[in-house]
Amino acid sequence: MTNGAAPGMRPVQVGDGAVRVGGGVRELYGAAVHYWRLDRDKWDGILQTVRDMGYTMISIYMPWEVHEIERGRFDFGEIDARKDLDAFLTLIESKGMDIIARPGPQINSELTGFGYPGRILADPELHALNGQGTRAVLTQVPQPIPALAYASEKFLAEVTTWYDAILPILAKHAYPKGRLVAAQVDNEMAYFFCVNAYASDFSPSAIARYRLFLQELYGDIGSLNAVYGTSYGSFDELDPPRRFEARSRADIPYHVDWIAYRERHLVDAMGRLADMMRDRGLKDVALFHNYPHPLDPGGAASGFTTPFSIQALEEKLDWVGFDVYSRKELYEHVKTVISYMVGTSRFPYIPEFIAGVWPWYLNPGDIRDEEFVTKAGLMNGVKGFSRYTLVERDRWLDSPVRRDGRVRPDHVAVFRRANEVALQHRFVDLRRAADVVLLANREYDRLEAASVLVSFPGDFLETPSGFSEYPSFMTVSEATLGFEEPIQMAKSDWFSGCFHGLSVGGTAFLLSDTALAPERWRRYRVIVLSAYEYLDATLQAELVRFAGEGGIVILGPRIPQLDSFMRPCDTLGAALGASAGVPLAGADGPAGTVYPVGQGRIVHVARAEDTARAVGIISAELDLVRFTKSDPRLDVTVHRNLDVPGRFVFFVANPTDQAIDAEVGLSIGLGNVTEIWEERPVTVGAGVIREHMDPYSIKIYESLQ
């Protein structure tokens, strides 16, 4: 990771699910407050109200669009007192709260220009281009804006003018001089929501970097030609695919290389901005980025990787989080996003955790949604968040605190209680107990992204038809490309089957993807992933190594015979063929075939619905963290205390619109149990708790041995 200082020397460090400031773990439960949108005389009272609600941190957007008068001239309070950023930061510090800065250059914040001055958006040399060579456009409220080309040197030069103005102010408050402990690099960089593979960015600067990416990947043009079946004379002759035109498996590398480059494009852009921030005084604080939620509003299980890459971006930054805007009906969405962050990121943090709602939200919900989604975030393992936005303002409704300082008492009570529970019970010291990790297969997600047939422009709002810029069964090619089935579609069904099976079953699990570093695998005892006719050669070797060292790999439905370049690769097949497979026997018949590999095993499961059974059989054998529940619709998570072996916290959720009489037991045993949100003791009978669960409710229990 690029830190600007030797490891261990920075005063703010991030890792193992925590942010440490000056050596101590920091509890970053924050709220978004926009100084420039509030009357100056309201600042003090509003910040005190936020502090009294138990928040420990203020997260602040700082918009280029608002502060710039003309190029090179800025107003930081000299003209409009509401824009005195230095005074606002000083006031926050006087309240004993930490600061997270979000200076963009892109901030969204429901601003007309997404934070950019009009002159930036009006410059055609800065525009990203779509596959047809015209402007890529973000359709958003109140008006569409052009997407910008983040690979453009001219764009970065323009950003320099903003950073030269804003970052010296932030540097004055950077820890240890002040209480600014982290800063966000840009905001929700997802090609301005043009995540469709052929919607952006085909600008000359982006294509130049694409060619460099291919050169780094293949080394020489001959190696690329051998994989692509082409006869290019140099990398400069290559043009990226502008639509999906694959006819066979031989065409796959050309298309998915473009998808892999799109991941790198975002990583490189954020890395360059981060270096600019470090050079201007923020080298000693943590730097992070926030991806927008990676799923369509109703989805929860497919395509949540590319073009995002937490692992690759965390080589440049300290941590990466996903924003969560959800309502009680979308519990599975919250579970998936946060379980994926917990399984992947150094610090599972929600940079924007919904509080209130923007006026055009299709399901605005109410305070019951706020309570349920807040508990769902804590349940699934989030360790920090910023409530966006705690203080109401233009283009944002129903927040706990009004812009004039008045409060909504019922809202304040819920948000205050969440902070009290998290702080009093030291949720920062808890970690999800899970011996199983379900890995999304990034290369199949890339194939799905490449196989999209309809190029949607970036659509900030889900269209009434249900179509969006994200690929789905409605927009992805059904071509088999020479395989038994269209992998780009089947992989989603496989992942969903595993996800739902494990959720209904009784074994605790987390999510990540196949880019997770193999050294991180070793915290789990079981890895579950999909495999079809092809699989990355290095990944095949690492899976065999994991099993050889005593781990268990469960995969299916196929045993791959090819690598990612469609060349023969039998690493997994050879490992399985070295010994005779035996049935993995269960009460309902075999759940798969077991192949001993070294000290561990590889289990081939031909049907996704058998994966959960296979995990259950192995869990009972190995005494993994398990639970029982009287109704499959219930969800349970278990969290261990890092320093107190006899203490753990577990959550039980009823994410349905019907009441459930719940009975839940844990394999690790129950001691004295308290429901800590309601502060009441709970009777344990024969190792089981029994509770009436209202619709859309979550209980939080602490057990002390």
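Residues that are among the basic types (Lys, Arg) and either assigned to a helix (DSSP H, G or I) or surrounded by 19 or more Cβ atoms within 10 Å (Cβ to Cβ) (or both) within the range 215-266 comprise Arg249, Arg262, Arg264, listed in sequence order. Among all residues of the range 39-61, there is none that is among the small types (Gly, Ala, Ser), in the same structural domain as Ser345 (by TED's automatic domain parsing) and farther than 28 Å from Gln424 by Cα.
Exactly one residue out of Ala662, Ala686, Ala614, Ala606 is farther than 21 Å from Leu510 by Cβ, buried (at least 21 other Cβ atoms within 10 Å of the Cβ) and among the aliphatic types (A, V, I, L, M), and it is Ala662. Selection within the range 320-336: residues that are more than 10 Å from the chain's Cα centre (by Cα) and under 16 Å from Thr305 (Cα atoms). The member of this set that is surrounded by the most Cβ atoms within 10 Å (Cβ to Cβ) is Val334. Tell me, yes or no, whether the range 135-147 has at least one residue that is over 30 Å from Pro359 (Cβ atoms) and assigned by TED's automatic domain parsing to the domain that holds Ile100. So far as the range 135-147 goes, no, none of its residues is over 30 Å from Pro359 (Cβ atoms) and assigned by TED's automatic domain parsing to the domain that holds Ile100. Of all residues in the range 47-66, those satisfying the criterion of being surrounded by fewer than 23 Cβ atoms within 10 Å (Cβ to Cβ) and assigned to a helix (DSSP H, G or I) are Gln48, Thr49, Arg51, Asp52, Glu65, Val66. Pairs under 6 Å by beta carbon, first residue under 25 Å from Trp521 (Cβ atoms) in the range 1-26, partner at pLDDT 95 or above and among the small types (Gly, Ala, Ser), six or more apart or different chains? Listed pairs, sorted by first residue: Val14/Ala286. Exactly one residue out of Val320, Val382 is within 30 Å of Arg272 (Cβ to Cβ) and either aromatic (Phe, Trp, Tyr) or free of Cβ contacts under 8 Å to residues at least 40 places away in the same chain (or both), and it is Val320. For the range 398-420, the count of residues that are crowded, with 21+ Cβ neighbours inside 10 Å, in the same structural domain as Val19 (by TED's automatic domain parsing), modelled with pLDDT of 95 or more and within 18 Å of Val649 (Cβ to Cβ) is nonzero. Among the residues of the range 329-350, is there at least one that is within 25 Å of Val33 (Cα to Cα), free of Cβ contacts under 8 Å to residues at least 60 places away in the same chain, part of a loop (DSSP other than H, G, I, E, B) and touching a helix residue (DSSP H, G or I) at 6+ places or on another chain (Cβ under 9 Å)? Within the range 329-350 (the criterion being within 25 Å of Val33 (Cα to Cα), free of Cβ contacts under 8 Å to residues at least 60 places away in the same chain, part of a loop (DSSP other than H, G, I, E, B) and touching a helix residue (DSSP H, G or I) at 6+ places or on another chain (Cβ under 9 Å)), the answer is no, since none of the residues qualifies. Looking for whichever is touching a residue at least 60 places away in the same chain (Cβ under 8 Å), of a type in the set (Ser, Thr, Tyr) and in a strand (DSSP E or B) here; the options are Ser512, Ser492. Which one fits? Sole residue among the options that is touching a residue at least 60 places away in the same chain (Cβ under 8 Å), of a type in the set (Ser, Thr, Tyr) and in a strand (DSSP E or B): Ser512.
When we screen Gly592, Gly586, Gly600, Gly616 for residues that are touching a Lys or Arg at 6+ places or on another chain (Cβ under 7 Å) and either outside the structural domain of Ser496 (by TED's automatic domain parsing) or not β-branched (Val, Ile, Thr) (or both), the only hit is Gly586.
Residues that are assigned by TED's automatic domain parsing to the domain that holds Pro351, under 30 Å from Ile100 (Cα atoms), in contact with a helix residue (DSSP H, G or I) (Cβ under 6 Å, 6 or more places away or on another chain) and of a type in the set (Phe, Trp, Tyr) do occur in the range 154-161. Being over 27 Å from Ser223 (Cβ atoms), touching a Phe, Trp or Tyr at 6+ places or on another chain (Cβ under 6 Å) and surrounded by fewer than 18 Cβ atoms within 10 Å (Cβ to Cβ) is a property that does not hold for Gly577.
Every residue, every condition in (1) out of contact with any Cys (no Cβ under 7 Å at 6 or more places or on another chain); (2) among the hydroxyl-bearing types (Ser, Thr, Tyr); (3) under 24 Å from Trp396 (Cα atoms), yes or no:
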site	(1), (2), (3)
Tyr55	yes, yes, yes
Met62	yes, no, yes
Glu70	yes, no, no
Arg73	yes, no, no
Asp86	yes, no, no
Ile99	yes, no, yes
Arg102	yes, no, yes
Gly115	yes, no, yes
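The set of residues in the range 75-133 being more than 19 Å from Tyr291 (Cα to Cα), among the polar types (S, T, N, Q) and modelled with pLDDT of 95 or more consists of Thr90, Ser94.
The values are calculated or read from the model by the stated rules, or taken from the named source; none is laboratory data. In this text the structure is predicted, and so the values were computed from the model without any measurement. Here the Cβ is made from the backbone with ideal geometry for all residues, glycine too, and neighbour counts use every protein chain on show.
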